[in-house]
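*Asks:* I have a structure here, written as structure tokens, and I will follow up with some questions on it.
The values are calculated or read from the model by the stated rules, or taken from the named source; none is laboratory data. Because the structure is predicted, anything quoted here is derived from the model rather than measured. Glycine also receives a Cβ, built like all others from the backbone with ideal geometry; neighbour counts cover every protein chain displayed. For accessibility, only protein heavy atoms count, side chains too; no ligands or nucleic acids. Shrake-Rupley method; radii C 1.70, N 1.55, O 1.52, S 1.80 Å.
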Amino acid sequence: MYGSDKAVDDSERTAFRKAEKKYKLYYDNANTKRKKKPRAVDLSEVIDFKCILESYNQNNELPAGVFKLTSSFGTPVFGLDSRPGFYFIPGALSVEEQCQWIRESLASFPQPPNWTNHNAIYGPLENLFAAAKEERVLVEIEQPRDIVSEIDSMHDAQITPRWKFSGELDKSCRGDACKSVSASVLLRKLRWCTLGLQFDWSKRSYNVSLPHIKIPEALCCLAKRLAKPAMPPGQDFQPEAAIVNYFALGDMLGGHLDDMEKDWSKPIVSISLGCKAIFLLGGKSREDPPLAMFLRSGDVVLMAGEARECFHGVPRIFTNTESAEIVDLESQFSREDSFPFLDYVRSSRININIRQVF
């Protein structure tokens, strides 16, 4: 899902791919010894719902193509005339709520039995964030071949090889045969984890047979509240699965559809945390030119109905050196015991998207 920009002639690119290339992070002086400098990007066409909200609160006016949804939600909910079923709630989460879910996303959500992108290689990793904070190392433990059973390939990584976090490399672990990796590196390479019903990326479907625990009740309550503006009248949102995406500098989420759920009238609730990003919302074909918009920490996007058929993606994030707009988060995480969260959030973005599967 995290894309790379391969050499392709512009004439062969779709409209969506051209937009990805336009906003993707590139560097000037990339082949010199000087410090790499991000290439300037024309952001004049990027929709800024924060500015739209400020303007609406001041003079009750909206730009062409944007409307305010009539709802009992506590803050304005905006939609786009050209994208039915798409709703944007700027600043939906308070700074305190943002910090709460950043903590949960790093310390709690990647815990087994929830799956992460690391499972395929290392199996389930306990307390990854704590291990990174303590500067621990993940070390491979040799295991006799005769105890490895023939099981479903998805579970192989949970049994062999076995790994454990250690304060330092074991004395018995010497030479090229011993494999190890620092927890801090693994944390920075964390790209996704799944909550509730587990999503099988290889088959692009939900695997109800995999061990899982329900989405935390507090997150369910938040998702139900946030989903109300996009829900059919008289119905409640039922959170059954969530995917948490983690973005580092230079990461992008290529254009895709979220089409594995049964009922597209129910929204996907997408919560942005950490560094600012650009979100692309296309049409039902990759040839439809997408709309670009800023996503800031605390913003929420709802996609239901026709919007579920629209290609969408994230071509780049902006870190603290590029106007990430995380001053409030930095203030909240300024206590010494919060420094590891502060260090992470200064160069990363987290996205929690919650779904009703059935």
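*Asks:* Step by step: first the residues of region 142-155, then only those that are in a helix (DSSP H, G or I) and open to solvent by 60 Å² or more (accessible area, probe 1.4 Å), then the one that is modelled with the lowest pLDDT. Which residue is that?
*Replies:* So, considering only residues that are in a helix (DSSP H, G or I) and open to solvent by 60 Å² or more (accessible area, probe 1.4 Å), the one modelled with the lowest pLDDT is Ile147.
*Asks:* Looking at region 307-327, which of its residues are in a helix (DSSP H, G or I) and either of a type in the set (A, V, I, L, M) or modelled with pLDDT of 95 or more (or both)?
*Replies:* Passing the criteria: Ala307, Arg308, Glu309, Val327.
*Asks:* What pairs can you find where one residue is in region 113-126 and modelled with pLDDT of 90 or more, the other is aromatic (Phe, Trp, Tyr) and open to solvent by 10 Å² or more (accessible area, probe 1.4 Å), and their Cβ atoms are less than 7 Å apart, with a gap of 6+ or different chains?
*Replies:* Pairs that qualify, where the first residue is modelled with pLDDT of 90 or more and the partner is aromatic (Phe, Trp, Tyr) and open to solvent by 10 Å² or more (accessible area, probe 1.4 Å), are Thr116/Trp192; Asn117/Trp192; Tyr122/Trp163; Gly123/Trp163.
*Asks:* Residues to consider are Asp236, Asp251; find the one that is closer than 19 Å to Gly274 by Cβ and open to solvent by 10 Å² or more (accessible area, probe 1.4 Å).
*Replies:* Of Asp236, Asp251, the one residue that is closer than 19 Å to Gly274 by Cβ and open to solvent by 10 Å² or more (accessible area, probe 1.4 Å) is Asp251.
*Asks:* Restricting to region 34-72, what's the tally of residues that are closer than 28 Å to Arg316 by Cβ, open to solvent by 100 Å² or more (accessible area, probe 1.4 Å) and not aliphatic (A, V, I, L, M)?
*Replies:* Going through region 34-72 one residue at a time, the tally reaches 6.
*Asks:* Just to be sure, is Arg83 open to solvent by less than 80 Å² (accessible area, probe 1.4 Å), at pLDDT 95 or above and over 30 Å from Leu329 (Cα atoms)?
*Replies:* yes
*Asks:* Among the residues of region 328-342 satisfying the criterion of being outside any helix (DSSP H, G or I) and either of a type in the set (S, T, N, Q) or open to solvent by 20 Å² or more (accessible area, probe 1.4 Å) (or both), which is nearest to Tyr23 (Cα to Cα)?
*Replies:* So the residue we want is Ser334.
*Asks:* Give the residues of region 17-33 that are at pLDDT 90 or above, hydrophobic (A, V, I, L, M, F, W, C) and within 19 Å of Thr319 (Cα to Cα), sorted by residue number.
*Replies:* Selection gives Leu25 alone.
*Asks:* So which residues in region 132-141 are in contact (Cβ under 8 Å) with a residue 60 or more places away in the chain and either on the phi > 0 side of the Ramachandran plot or open to solvent by less than 50 Å² (accessible area, probe 1.4 Å) (or both), if there are any at all?
*Replies:* Ala132
*Asks:* Which ranges mark the strands (runs of 3 or more DSSP E) fully within region 223-279 that have 3 or more residues being touching a Gly at 6+ places or on another chain (Cβ under 9 Å) and closer than 29 Å to Phe67 by Cβ?
*Replies:* 253-256, 268-274
*Asks:* So, one more: So which residues in region 63-96 are within 21 Å of Trp264 (Cβ to Cβ) and touching a residue at least 40 places away in the same chain (Cβ under 8 Å)?
*Replies:* Leu69, Ser71, Val77, Leu80, Ser82, Arg83, Pro84, Gly85, Phe86, Tyr87, Phe88, Ile89
*Asks:* Of (1) open to solvent by less than 40 Å² (accessible area, probe 1.4 Å); (2) of a type in the set (A, V, I, L, M, F, W, C); (3) touching a Gly at 6+ places or on another chain (Cβ under 9 Å); (4) outside any loop (DSSP other than H, G, I, E, B), Phe129 satisfies all except one. Which?
*Replies:* It is condition (3) that Phe129 fails.
*Asks:* So, Arg296, is that one open to solvent by 10 Å² or more (accessible area, probe 1.4 Å), at pLDDT 95 or above and closer than 28 Å to Gly74 by Cα or not?
*Replies:* yes
*Asks:* Do we have Glu325 as touching a residue at least 12 places away in the same chain (Cβ under 8 Å), over 20 Å from Phe109 (Cα atoms) and among the charged types (D, E, K, R) here?
*Replies:* yes
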